[in-house]
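Only the coordinates and a few stated rules stand behind these numbers; no lab work does. Just so we're clear, the structure is a prediction, and the values are computed from it rather than from any experiment. Positions of Cβ are generated from backbone atoms using ideal geometry, with glycine treated the same way; all protein chains shown enter the neighbour counts.
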Amino acid sequence: MATLLFVNARILTLHGDGAPRRGDAMRDLAIIDNGWVLTRDTLIGDLGSGEPPEGLEPDSVIDLDGRVLMPSFVDCHTHACWAGSRLDEFQRSLEGATYLELLEEGGGIMSTVRSVREASMEGLISNLEERVSTMSAWGTGTMEVKSGYGLTTEDELKMIRAIHNVSQMTTQLITGTFLGAHAIDPDVPDFVERTITETLPAVAEEFPGICCDAYCETGAWSVEDTTRYFEQAIELGCPIRVHADQFNELGMVERALELGALSVDHLEATGPDMVARIGQSETMAVLLPTSGFCLDGRYAPGRALVDAGAAVAVATNFNPGSAPCPSMPMAIVLSCRKLGLTPQEAIVAATYNAACVLGLQNEVGSITVGHRADLVVIDTRDERELAWMVSPPPPPLVIGLGDVIQFLADTGEPGEEES
């Protein structure tokens with residue numbers, strides 16, 4: 001494994017104290033304006049300001065000439081494991097069909113469910129490998145991937161096994177989430193009961209402590225059924241997260257806070273009273289602006305959440321229907337232009353705070369000695385350009401576990417490399 005030394009870098013260390021950032025702390029990127037970072041094997045070995053000390057003896061020196069060096073993005077909410085296509089539904093949505101209408105007709109999530117059930121685990125693995133590669137090309141080093149397109153015990157386990165297998169085959173850090181409560185299978189009269197009493201225990205037995213998620217929305221899981229599902233998950237030793245208030249404020253956010261959920265995700269329909277409650281809680285808010293961009297132009301009250309003291313993260317929600325977006329830079333752009341976040345807040349939300357959602361802040365999300373050497377070079381000397389440029393080229397240099405994953409020479413060398 002090579003030892004790399006980055007010099008003349010504007011380093012966004014994002015170094016924190018282990019707790020999610022809130023309020024003014026969300027604007028603190030812990031910058032070293034002109035510094036160096038040394039990777040040793042798979043980890044951050046050392047860093048500092050100015051010129052590096054003598055005697056480091058790296059295998060390669062990479063002069064960034066003032067460019068931004070930052071931790072790889074952490075995409076803490078994705079549905080990147082799927083099969084099939086939803087292009088016909090995309091065409092229909094352009095012609096006026098709404099997301100909930102497609103869902104009621106058996107399309108949407110259930111369309112992908114049918115494709116996943118027909119797919120082999122090998123096919124799911126291959127599809128996910130390709131998507132992980134695409135996400136890493138945009139600078140994502142850590143990603144959460146949910147199940148939820150199987151909706152039977154056999155097919156949910158197939159998905160989670162596929163996610164686990166891919167996690168062992170890549171330098172990216174991948175964590176799986178069980179989303180058994182994603183939709184209601186209309187062909188199974190006792191679907192909710194079966195999910196709670198059969199599928200959930202089977203998943204928890206094979207994958208102890210796996211995070212359990214649910215989609216609480218009109219036409220999907222009710223507040224009451226979601227609560228039962230979560231109570232069972234907690235009893236089985238599994239942490240919980242929830243998709244809530246995407247289209248309708250049903251009361252699930254309040255219930256999730258009472259149950260100690262790690263995060264409440266979406267929140268496009270969340271009102272001022274609940275914004276204040278989230279801000280006073282330990283539960284994090286995960287905002288998914290690519291959904292609003294792709295669906296109905298509605299966005300979560302990001303500015304209000306930050307001002308209320310909430311710990312905010314952003315993610316792509318990468319999925320085949322409502323957010324076909326693998327790019328965390330795009331999520332940052334939309335977070336600033338549509339959610340009201342500053343560029344600094346959006347960067348914190350896409351790295352350090354997103355790592356906190358996954359409980360991985362002691363491994364990723366900041367450039368800290370002993371953390372994974374997952375790094376991204378941005379071809380700019382001002383990190384605000386991440387939020388300003390709507391369609392930038394991919395990062396010219398992406399490092400995963402100390403190895404070069406991507407080097408795009410045609411974008412302009414980031415500096416002079418000596419070996």
### Task
Having 3 or more residues that are in contact (Cβ under 8 Å) with a residue 12 or more places away in the chain, on the phi < 0 side of the Ramachandran plot and buried (at least 24 other Cβ atoms within 10 Å of the Cβ) is the bar; report the helices (runs of 4 or more DSSP H) wholly within segment 307-388 that clear it.
328-337, 343-350, 352-357
### Query
Name the residues in segment 145-165 that are within 20 Å of residue 288 (Cα to Cα) and either among the aromatic types (Phe, Trp, Tyr) or touching a helix residue (DSSP H, G or I) at 6+ places or on another chain (Cβ under 8 Å) (or both), would you?
145, 147, 148, 149
### Message
For segment 92-113: of the residues being in contact with an Asp or Glu (Cβ under 8 Å, 6 or more places away or on another chain) and among the β-branched types (Val, Ile, Thr), which is surrounded by the fewest Cβ atoms within 10 Å (Cβ to Cβ)?
### Response
98
### Message
Could you check segment 32-45 and list, in sequence order, the residues that are within 17 Å of residue 14 (Cβ to Cβ) and touching a residue at least 60 places away in the same chain (Cβ under 8 Å)?
### Response
37, 39, 43, 44
